[in-house]
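For reference, the structure I am asking about is given below.
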Amino acid sequence: MIVTDTLNIKTTKIGQSKLANVDFQNLPFGKVFTDHMFVADYEDGEWKNFELMPYGPIPMSPAISALHYGQAIFEGMKAYKLKSGEISIFRADKNFKRFNISAERMAMPTIPEEIFMKGITSLINLDKAWVPEGDNYSLYIRPVMFATDDKLGVKASSNYKFVVLTNPSGPYYSQPLKVKIETHYTRADEGGVGYAKTAGNYGRSLYAFSQAQKEGFDQIIWTDSKEHSYVEESGTANLMFVINNVLVTPSLGGTILDGVTRDTVLQVAKSLDIPTEERKVPIKEVISKIQSGELTEAFAVGTAATITQIGIIGYENDLFTLTDPTTRVISHKIHKVLDDIRYGRSEDVFGWNTIV
Ligand SMILES: *Cc1c(COP(=O)(O)O)cnc(C)c1O
């Protein structure tokens, strides 16, 4: 992707970098922020006031409409330190497109590619020393846009802020997940906002999630809102199964997020001649194929942890134990191909890396 340099970005640098205080051996997800952030405003129908400044609080009115009426969207992607020493952002073009799809659905202004990309790349360049090196290390990038009109009254806001935050992130040690198939609460419904990465989708999921945690589960498998009989997705990840050596994942249909990792895993699988199916996945099929031994792998796919193995599935009052995650072949093979591309150890045959 070509990133031109025509934005006039005002830069205010931090007095003293916080980098020396960071323990890179212990990086909890999303808690350590780099020195700076990128901020832009949407006012009078245009994007303006591009600024790199020290990460910190932004003063605003408690009346801002994002807080009251929920116009807030975000993205999540990662930059990697390549074997060559260069820094590369993985599939940023897909995150950029999805950001604007979310914006349109939430009646928010779209953002031009130049501002989105330049905001991210100029921030990474300023905080380059923060991009960690090595297997399983990356820089997590969180763009967010929210409504800033400081008037009450339900309507689309006229003013917005776009902010980019970055977190160094490290290995995501995760035991195989114990997940609950949720058959009461729903995450999204047809005609709703399930395909948008918008704040309310997460807010509405938290109660069901906390109930599942009380029952000893790590995560929820959401099901369709009409019958609760088809698999949708998980917290912030899409779901995949290997059934009779076919990689199966729920098709996109407006209620689930079009995950970049989902698409990436499907493309890598196809390149390895692993058969794939995007279709409705009935819960009954998942359970019966676990019991018959034909379902050999189940995993969640998303930017934060890439591939997270599922060890146990709870459905109604039963627990179903899956195959030993260390013996799974297809997901491990795909993960390796993916890591080799992301860390620049193999050729970027898909054109997924954008060098910063
Ligand atoms: C972010 C997210 C995903 C995963 O998308 P990626 O682009 O792969 O990170 C899946 N489902 C939901 C609900 C999400 O918020």
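The values are calculated or read from the model by the stated rules, or taken from the named source; none is laboratory data. Nothing here was measured: the structure is a model prediction, and the numbers come from that model. Virtual Cβ from ideal backbone geometry, glycine too; neighbours counted across all protein chains shown. Side chains included, ligands, DNA and RNA excluded: accessible areas come from the protein's heavy atoms. Shrake-Rupley method; radii C 1.70, N 1.55, O 1.52, S 1.80 Å.
I'd like the residue in region 182-194 that is open to solvent by less than 50 Å² (accessible area, probe 1.4 Å) and touching a helix residue (DSSP H, G or I) at 6+ places or on another chain (Cβ under 7 Å) and, out of all such residues, is farthest from ASN317 (Cα to Cα). Even if it seems obvious, please write down each step before you answer.
In the first step, residues of region 182-194 are kept if they are open to solvent by less than 50 Å² (accessible area, probe 1.4 Å); the result is 182, 186-188, 192-194.
Now drop any that are not touching a helix residue (DSSP H, G or I) at 6+ places or on another chain (Cβ under 7 Å), which leaves 182, 187-188, 193-194.
On the way: GLU182: 11, ARG187: 21, ALA188: 24, VAL193: 30, GLY194: 27 Å.
The residue in question is VAL193.
Go through region 232-289 residue by residue and tally those that are of a type in the set (Ser, Thr, Tyr) and more than 13 Å from the ligand (Cβ to nearest atom).
Going residue by residue through region 232-289, those that are of a type in the set (Ser, Thr, Tyr) are 234, 236, 249, 251, 255, 261, 264, 271, 276, 288.
Those still in the list that are more than 13 Å from the ligand (Cβ to nearest atom) too: 251, 271, 276, 288.
Residues meeting the conditions: 4.
Same structure again: Would you say PRO282 is under 24 Å from LYS333 (Cα atoms) and in contact with a strand residue (DSSP E or B) (Cβ under 8 Å, 6 or more places away or on another chain)? Reasoning before the result, please.
Values: under 24 Å from LYS333 (Cα atoms): no; in contact with a strand residue (DSSP E or B) (Cβ under 8 Å, 6 or more places away or on another chain): yes.
Criteria not met by PRO282.
Evaluate region 195-208: report whether one residue or more is outside any loop (DSSP other than H, G, I, E, B) and either acidic (Asp, Glu) or open to solvent by 60 Å² or more (accessible area, probe 1.4 Å) (or both). Even if it seems obvious, please write down each step before you answer.
Step one: of region 195-208, the residues outside any loop (DSSP other than H, G, I, E, B) are 198-203, 206-208.
Filter again for either acidic (Asp, Glu) or open to solvent by 60 Å² or more (accessible area, probe 1.4 Å) (or both), leaving 206-207.
The answer is yes, given that some residue of region 195-208 is outside any loop (DSSP other than H, G, I, E, B) and either acidic (Asp, Glu) or open to solvent by 60 Å² or more (accessible area, probe 1.4 Å) (or both).
Give the number of residues within region 290-312 that are out of contact with any helix residue (DSSP H, G or I) (no Cβ under 7 Å at 6 or more places or on another chain) and more than 16 Å from the ligand (Cβ to nearest atom). Spell out the reasoning first.
Of all residues in region 290-312, those out of contact with any helix residue (DSSP H, G or I) (no Cβ under 7 Å at 6 or more places or on another chain) come to 290-294, 296, 298, 300, 304-305, 308, 310, 312.
If we keep only those that are more than 16 Å from the ligand (Cβ to nearest atom) too, we end up with 290-294, 296, 312.
Residues flagged as out of contact with any helix residue (DSSP H, G or I) (no Cβ under 7 Å at 6 or more places or on another chain) and more than 16 Å from the ligand (Cβ to nearest atom) within region 290-312 amount to 7.
Also, quick follow-up: Please list, ordered by residue number, the strands (runs of 3 or more DSSP E) wholly in region 243-324 having 2 or more residues that are surrounded by 21 or more Cβ atoms within 10 Å (Cβ to Cβ).
Values: elements: 246-250, 276-279, 295-302, 306-315, 318-321.
Result: 246-250, 295-302, 306-315.
Any idea which of ALA156, ALA129, ALA107 is at positive phi, surrounded by fewer than 17 Cβ atoms within 10 Å (Cβ to Cβ) and modelled with pLDDT of 95 or more?
Details: ALA156 fails: at positive phi; ALA129 fails: at positive phi.
Selected residue: ALA107, the only one of ALA156, ALA129, ALA107 that is at positive phi, surrounded by fewer than 17 Cβ atoms within 10 Å (Cβ to Cβ) and modelled with pLDDT of 95 or more.
Would you check if there is a residue in region 82-89 being closer than 25 Å to VAL193 by Cα and surrounded by 19 or more Cβ atoms within 10 Å (Cβ to Cβ)? I'd like the intermediate steps shown before the answer.
Within region 82-89, the first condition is being closer than 25 Å to VAL193 by Cα, and the residues that meet it are none.
There is no residue in region 82-89 that is closer than 25 Å to VAL193 by Cα and surrounded by 19 or more Cβ atoms within 10 Å (Cβ to Cβ).
Hey, among the residues in region 57-84 that are more than 16 Å from the ligand (Cβ to nearest atom) and among the hydrophobic types (A, V, I, L, M, F, W, C), which one's farthest from LEU338 (Cα to Cα)?
Applying the first criterion (more than 16 Å from the ligand (Cβ to nearest atom)) to region 57-84 yields 57-69, 71, 81-84.
Next, only the ones that are among the hydrophobic types (A, V, I, L, M, F, W, C) stay: 58, 60, 63-64, 66-67, 82.
Details: ILE58: 37, MET60: 41, ALA63: 44, ILE64: 41, ALA66: 36, LEU67: 38, LEU82: 13 Å.
Of everything passing the filter in region 57-84, ALA63 is farthest from LEU338 (Cα to Cα).
Of the residues that sit in region 85-113 and are in contact (Cβ under 8 Å) with a residue 12 or more places away in the chain and polar (S, T, N, Q), which one is nearest to the ligand (Cβ to nearest atom)? I'd like the intermediate steps shown before the answer.
Residues of region 85-113 in contact (Cβ under 8 Å) with a residue 12 or more places away in the chain: 86-96, 98-99, 101-103, 105-109, 111-113.
Next, from what is left, pick out any that are polar (S, T, N, Q): 88, 95, 102.
On the way: SER88: 17, ASN95: 7, SER102: 10 Å.
Looking at residues that are in contact (Cβ under 8 Å) with a residue 12 or more places away in the chain and polar (S, T, N, Q), I get ASN95.
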